[in-house]
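The values are calculated or read from the model by the stated rules, or taken from the named source; none is laboratory data. For clarity, every value in this text was computed on a predicted model and none was experimentally measured. Don't worry about glycine lacking a Cβ; one is built from the backbone with ideal geometry, like all the others, and counts go over all protein chains shown.
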Amino acid sequence: MKLGTADFPKLRFSLLLAALMIGIGAGVVYVSRDWAKSAKLRLTAAQNERNEIVGKLQRVRGEESEIKQKSAMFNELRTRGVIGDEQRLEWVELLKDVRDQRKLIDLKYEIAPQRLLDANPVNGYNFFSSEMKLQLKLLHEEDLTRLLSDLRQRAKALIQVRKCAVTRLPRGGAESGTSAQLQADCQIEWITLHEMESSPSGGTVR
């Protein structure tokens, strides 16, 4: 089929129309891609914002849980008598009570003056310690472990054993079955907490 001169205007119109349609199609594709990219960015921003909110909520819940745990711990310490002035007379009575209950053969002690453990307070509290040198005669090593367990459970202080040396005593000197076989020499820290505003002597602790 041959094209005449009269067909060129029609052909040019068709070509222009085709080019226009191609341009419109390309524009639609470009706009679609741009919209998809924008939508993806908006989705990412929304997810980041959500993650940030969730993270803050988790931190708040974690801090709330930590505060509750610390509050419960300090309430327990206060109930036990660990927070406040040291109760030396009660410590001595406790030692005598444990000695009698456990039927310990001999028990001697010496308590040093109270001292500040750390100049940096923890949650508004200062830690103080009174070191006790404890010496006792034992039939068995279990006597020592039971004594320390009783002190940890019942003392109005936190008990920290620095060291214990157990030595065997010479044979003889008492009736069989009742004589001590061992001697224990221990250093024990009796730790109490005091609010930062006041020290055990009534002065301000800085």
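Points worth noting:
- Residue match in segment 164-186 (condition: modelled with pLDDT of 80 or more, within 21 Å of GLU86 (Cβ to Cβ), surrounded by 14 or more Cβ atoms within 10 Å (Cβ to Cβ) and not basic (Lys, Arg)): yes
- One residue from LEU134, LEU104, LEU95, LEU139 being touching a Cys at 6+ places or on another chain (Cβ under 9 Å), surrounded by 14 or more Cβ atoms within 10 Å (Cβ to Cβ) and at pLDDT 85 or above: LEU134
- Of the residues making up segment 139-155, at least one is touching a residue at least 40 places away in the same chain (Cβ under 8 Å), of a type in the set (Lys, Arg) and out of contact with any His (no Cβ under 8 Å at 6 or more places or on another chain).
- Number of positions in segment 139-154 that are closer than 18 Å to GLU76 by Cα, among the aliphatic types (A, V, I, L, M) and either out of contact with any strand residue (DSSP E or B) (no Cβ under 7 Å at 6 or more places or on another chain) or not assigned by TED's automatic domain parsing to the domain that holds ALA180 (or both): 0
- The single residue among VAL92, VAL98, VAL82 that is of a type in the set (Val, Ile, Thr) and farther than 30 Å from LEU169 by Cβ turns out to be VAL82.
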